[in-house]
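Here the structure is laid out as structure tokens; the discussion comes afterwards.
Derivation of every value follows stated rules applied to the coordinates shown; laboratory data play no part. Just so you know, these numbers come straight off a predicted model, no measurement behind them. A quick note on method: Cβ atoms are made from the backbone with ideal geometry, for glycine too, and the neighbour counts reach across all protein chains shown.
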Amino acid sequence: MIRNPVLPGFHPDPSILRVGDDYYVATSTFEWYPGVRVHHSRDLVDWRPLGGLLTERRLLDLSGVPDSGGVWAPDLTYADGLFHLVYSVMDNYAHGYKDVANYLTTAPAIEGPWSDPIRLPGRGFDAALFHDDDGSSYLLNMIFDSRPGRGFAGIELQPLGGGKPRLILENRALTEGPHLYRIDGWYYLMVAEGGTGYDHCVSVLRSRDIEGPYEADPEGPMLTARHDPDLELQKAGHGCLVQTQGGEWYLAHLVARPYTPRGRCVLGRESAIQRVEWTGGWPRVPGGAPAVEVPAPAQTVPAPARPRSPRSPRQAEWLVEGSDWSTLRRPATPDWVRFDGGRVTIEGGQSPYGLRTPSLVARRVTSTRCAFEASVSFEPDSVHQSAGITAYYNSRNWYHLALTTDGLVLTGSDRGTRTVHYTGEAASRLAVEFDGPVLRFSRDGQAIPVELDATILSDEHADEILDGQIRAFGCTGAFVGLWVQDLAGEGCRATFDNPVYRTG
């Protein structure tokens with residue numbers, strides 16, 4: 001059985017692809033490096049992380065992007081012996097504008113090397129490719145109209161090599177996330193609608209002509225959880241189809257698991273897979289709602305050990321040290337972070353609110369009950385320096401237990417308002433525990449007597465909308481990690497030994 005979510009924690013907007021016997025899922029990474037996280041499977045049940053595809057500034061520059069900006073909704077396809085990756089980079093989404101650039105890069109293997117990105121039109125986000133049977137390729141994206149009172153304006157199609165873009169679907173209900181398929185003489189257009197919250201859904205339309213007109217499935221959305229707040233998996237939407245070797249069909253899509261009905265989602269938006277049945281010429285998910293357990297494909301191929309392709313020393317180091325780690329807004333380069341077995345050395349960076357050179361090495365929180373700990377060696381020289389562990393959502397919502405010139409200090413930020421929750425003597429082994437909605441820190445095995453609200457590390461709490469205008473989005477999920485700050489740029493370093501993450 002497939003057990004959902006197949007990719008727990010912050011793994012939204014899945015783009016699924018089969019090449020031969022290998023399945024790949026690419027997911028959004030927003031302000032985190034490496035960009036576009038990818039997992040591999042042979043059976044749709046067990047998924048192995050391969051790390052990220054965009055590992056260097058040549059491919060992706062996240063310097064200065066806002067919280068939940070950066071890489072939106074990648075699209076992974078395969079044609080003519082090459083993997084094609086299309087991704088949107090969002091520099092601003094607030095105040096009625098979307099400053100977005102879309103890019104295309106290709107590679108002969110999923111491990112790379114990836115070509116220098118080609119800039120694509122940026123009239124909207126959620127860009128994707130469609131490779132037709134005649135060898136032609138098309139670019140799809142939603143259109144965003146920034147004029148006052150406008151916004152989502154539908155889905156457009158444009159030949160990849162140039163040509164006039166054509167509107168193939170007018171906006172219906174925040175229509176975005178397009179994917180196009182040609183099956184049995186029909187063009188099937190799959191879109192996400194209803195926004196990425198609790199009204200989210202997957203809709204399917206079809207046409208005999210690639211430019212339309214497209215008619216919608218008369219039975220309504222292919223998948224949604226908006227009518228049942230008691231479902232374990234909520235926010236179901238942003239789907240992508242794949243066909244197995246045996247001719248079966250499945251849908252990869254995003255979901256979320258709130259702590260309370262329609263409540264906050266600390267784990268962020270996750271990836272799930274549903275079985276698809278064809279009835280009356282339409283692809284449909286049984287029951288139209290996301291299921292936790294789904295029958296796996298009947299025909300699968302064992303996954304052999306996969307030798308890694310040659311990479312540059314820096315890229316190899318990243319993979320050797322584990323594909324679960326991510327860094328914030330800048331790639332993991334030796335000038336500021338070094339891995340040596342179970343030891344990580346980090347040179348300090350900007351304040352928590354800096355958007356260019358923070359020094360945060362972190363991993364996704366994947367369970368409502370989990371713990372993270374590490375030993376830290378650090379001697380601050382001034383009030384401008386600190387180092388420790390963090391439970392982190394974005395620049396405005398986080399907790400940090402750190403060694404400072406004032407001793408061990410536990411600080412929290414709630415929508416940008418800082419609070420000191422605890423001060424004490426310095427310690428060497430620091431830990432944080434998620435216990436459902438409660439967060440606890442400890443030092444040298446002793447609990448710090450403060451219970452904190454874990455739910456401020458959630459998509460819902462991170463959203464900030466004033467007078468109908470978006471100020472900040474929450475599109476990611478909670479992280480735990482190692483954080484070093486050097487506000488005066490004096491070159492301080494901290495060493496962390498044996499960082500450990502546990503669930504359950």
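Given charges of +1 on the Cβ of Lys and Arg and -1 on the Cβ of Asp and Glu, with all other atoms neutral, how large is the dipole of segment 325-391 about its Cα centre, in debye to the nearest 20?
Details: 8 positive and 6 negative charges, 89 e Å.
Here the size comes out at about 420 debye.
Figure the gain on full extension for TRP278 and VAL301 (residue separation times 0.36 nm, minus the Cα-Cα span) and round it to one decimal in nm.
On the way: separation 23, 0.36 × 23 = 8.28 nm, distance 2.41 nm.
Once the chain is fully extended between TRP278 and VAL301, it gains 5.9 nm.
Nothing charged except the Cβ atoms of Lys and Arg (+1) and of Asp and Glu (-1): what's the magnitude of the dipole of segment 2-294 about its Cα centre? Round to the nearest 20 debye. Display every interim value, and only then the final one.
Numbers: 26 positive and 38 negative charges, 112 e Å.
That gives a dipole near 540 debye.
Find which of HIS84, TRP282, PRO297 sits farthest along the positive direction of the dipole of the chain, computed with +1 on the beta-carbon of Lys and Arg, -1 on that of Asp and Glu, about the Cα centre.
So the residue furthest toward the plus end is HIS84.
Whole angstrom only: what separates the Cα centroid of segment 440-494 from the Cα centroid of segment 230-298?
30
Let me spell out the model: positive unit charges on the Cβ of Lys and Arg, negative unit charges on the Cβ of Asp and Glu, origin at the Cα centre of the chain. What dipole size does that give, in debye rounded to 20? Each step should come with its number before you reach the end.
Working: 47 positive and 63 negative charges, 60 e Å.
It works out to roughly 280 debye.
Using the Kirkwood radius over Cα pairs, work out the Stokes-Einstein diffusion coefficient for the chain at 25 °C and 0.890 mPa s, in µm²/s as a whole number. Before the final figure, lay out the partial values.
Working: Rh = 23.2 Å.
Answer, rounded: 106 µm²/s.
7 Å from Cα along Cα→Cβ at both ARG172 and THR419: what's the point-to-point distance in nm?
Calculated label separation equals 4.4 nm.
Can you tell me the relative contact order of segment 1-121? Whole percent, Cα pairs under 8 Å, sequence separation 6 or more. Numbers along the way, then the final one.
Numbers: 262 pairs, mean separation 22.3, N = 121.
That works out to 18 percent.
Measuring from centroid to centroid over Cα atoms, what is the spacing of segment 51-85 and segment 163-179 in Å?
Spelled out, the Cα-based centre of one part sits 22 Å from the other.
Assuming 0.36 nm per residue, please report the length gained on full extension of the stretch ASP132 to ASP209 beyond their Cα-Cα distance. List each step's numbers first, then the result.
Working: separation 77, 0.36 × 77 = 27.72 nm, distance 1.19 nm.
Extending this stretch completely gives an extra 26.5 nm.
Between ALA79 and SER63, with labels modelled 7 Å along Cα→Cβ, what's the label distance in nm to one decimal, could you check?
Label-label distance for ALA79 and SER63, simple model: 3.4 nm.
Report the relative contact order of segment 334-503, percent, no decimals, based on alpha-carbon pairs under 8 angstrom and at least 6 residues apart. Mind dumping the intermediate values first?
Values: 426 pairs, mean separation 58.0, N = 170.
Reported relative contact order: 34 percent.
Among 99-111, 252-264, what's the highest-first ranking by average C-beta atoms within 10 angstrom per residue? Walk me through the numbers before you get to the answer.
Numbers: 99-111: 18.4, 252-264: 20.9.
Listed from highest to lowest mean packing, they are 252-264, 99-111.
If a/c stays under 1.5 just call it rounded; otherwise compare a/b with b/c (prolate if a/b is bigger, oblate if not). Do that for segment 2-294, with a ≥ b ≥ c from the square roots of the Cα gyration tensor eigenvalues.
Working: a/c = 1.13, a/b = 1.09, b/c = 1.03.
Rounded is the answer for segment 2-294, as its axis ratio a/c remains below 1.5.
Tell me which of ILE346, VAL6, ILE273 sits at the most positive position along the dipole axis of the chain, charges placed on C-beta atoms (Lys, Arg +1; Asp, Glu -1).
Ranked along the dipole, the leading option is ILE346.
Treat segment 1-94 as a sphere of radius equal to its Kirkwood radius over Cα pairs and apply Stokes-Einstein at 20 °C in a medium of 1.002 mPa s; give the translational diffusion coefficient in µm²/s, rounded to a whole number. The partial results should precede the final answer.
On the way: Rh = 13.9 Å.
The estimated diffusion coefficient comes to 154 µm²/s.
Just order 385-394, 62-71 by mean Cβ neighbour count inside 10 Å, highest at the front, would you?
Working: 385-394: 25.7, 62-71: 20.8.
Averaged packing, sorted descending, gives the order 385-394, 62-71.
Quick one: if the Förster radius is 51 Å, what FRET efficiency do ALA94 and ASP497 give, using the C-beta to C-beta distance and rounding to 0.05? Walk me through the numbers before you get to the answer.
On the way: r = 40 Å, r/R0 = 0.79.
Computed FRET efficiency for ALA94 and ASP497: 0.80.
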